[in-house]
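Participant: Shown below is the structure under consideration.
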Amino acid sequence: DTGVSQDPRHKITKRGQNVTFRCDPISEHNRLYWYRQTLGQGPEFLTYFQNEAQLEKSRLLSDRFSAERPKGSFSTLEIQRTEQGDSAMYLCASSPNWADTQYFGPGTRLTVL
Amino acid sequence: GDSVTQMEGPVTLSEEAFLTINCTYTATGYPSLFWYVQYPGEGLQLLLKATKADDKGSNKGFEATYRKETTSFHLEKGSVQVSDSAVYFCALSGLGGAGGTSYGKLTFGQGTILTVHP
């Protein structure tokens, strides 16, 4: 068990470009969550998956954001036409099921210039 | 909707001092409550949790008691160490959404920066 991993750890992009982040959860964890954390704030929920099904999306997740979890394993979060307001730390977490402890990855820090 | 309010920081203490970080919440039903910690350069880690009223969570000398009557989950430690310097987040896992669809998602407070000096 190597924990939750995220890639890349840092991403710098220009406004208007598309970016994609990857999250590898702990093996056999059915739940996978995405959160966003801006400087000086706590993480905010974006979306979550139960296996391969995306069950809820926050209103923070505009149409420019899309997330997938094919085959219920790793997940990707894509942001299209990035804006400076998208600059944040994007966190992934996984848990065996809904009532269990969530384990967080190290995050991907996105900077949009 | 669900919300968590933490005492404003940052908090600066001397080693061996007593620590309290206040946390209050608003939620429907009976949420589970958590304290997460983020050490410098590391990811979020669960520090402790409580799943029902009057439960006490404890870990590494930290404690917090789930108080339903005051909707609070204050974090305490009797004697802090330099190695406790970190950002502490209070969070809840509520039961919102139709059919309980939001079971499990966490709502966080804004975080409290703790610095402990030797």
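Participant: Averaging sequence separations of C-alpha pairs under 8 Å and six or more residues apart, then dividing by the length of chain B, give the relative contact order as a whole percent.
Facilitator: Value for chain B: 35 percent.
Participant: Shifting gears a bit: Once you've got the Cα coordinates, tell me which of A:Lys11/B:Lys77; A:Lys57/B:Lys77; B:Lys77/B:Lys105; A:Lys11/A:Lys71; A:Lys71/B:Lys105; A:Lys71/B:Lys68 are over 31 Å apart. Don't skip to the answer; put the middle values down first.
Facilitator: Working: A:Lys11/B:Lys77 37 Å; A:Lys57/B:Lys77 37 Å; B:Lys77/B:Lys105 27 Å; A:Lys11/A:Lys71 26 Å; A:Lys71/B:Lys105 21 Å; A:Lys71/B:Lys68 40 Å.
With Cα atoms farther than 31 Å apart: A:Lys11/B:Lys77; A:Lys57/B:Lys77; A:Lys71/B:Lys68.
Participant: Another question, if that's okay. Of A:Phe65, A:Gly3, A:Gln54, which is farthest towards the positive pole of chain A's charge dipole, taken about the Cα centre with +1 and -1 on the beta-carbons of Lys, Arg and Asp, Glu respectively?
Facilitator: Farthest towards the positive end: A:Phe65.
Participant: Could I ask something else about it? Under the classification rounded if a/c is under 1.5, otherwise prolate if a/b is larger than b/c and oblate if not, where does region A:2-58 fall, given a ≥ b ≥ c as square roots of the Cα gyration tensor eigenvalues?
Facilitator: Prolate, since a/c reaches 1.5 and a/b exceeds b/c.
Participant: Given the options B:Glu63, B:Glu76, B:Glu16, which has the most mean-square fluctuation in a GNM of chain B, springs set between C-alpha atoms less than 10 angstrom apart?
Facilitator: Answer for the Gaussian network model of chain B: B:Glu16.
Participant: In peptide B:81-93, how many Cβ atoms from other protein chains are near each Cβ within 10 Å, on average?
Facilitator: Mean inter-chain Cβ contacts per residue within 10 Å come to 1.
Participant: If you don't mind, another one. Taking each residue in B:104-113, count the Cβ atoms of any other chain within 10 Å of its Cβ, then average. What number comes out?
Facilitator: 6
Participant: Based on Cβ point charges of +1 for Lys and Arg and -1 for Asp and Glu, what charge dipole magnitude is obtained for the protein assembly as shown about its Cα centre, in debye rounded to the nearest 20?
Facilitator: Values: 22 positive and 24 negative charges, 125 e Å.
Once rounded to the nearest 20, the dipole reads 600 debye.
Participant: How would A:Glu56, B:Glu15, B:Glu8 line up from fewest to most surrounding beta-carbon atoms within 10 angstrom?
Facilitator: B:Glu8, B:Glu15, A:Glu56
Participant: Given points 7 Å out from each Cα along the Cα-Cβ axis, report the B:Ser83 to B:Glu16 separation in nanometres with one decimal.
Facilitator: Label at B:Ser83, label at B:Glu16, 1.8 nm between them.
FYI, it's all coordinate maths here, none of it is from the lab. Just so it is clear, the structure is predicted and the values come from calculations on it, not from any experiment. No Cβ is skipped: glycine too gets one built from the backbone with ideal geometry, and neighbour counts run over all protein chains shown.
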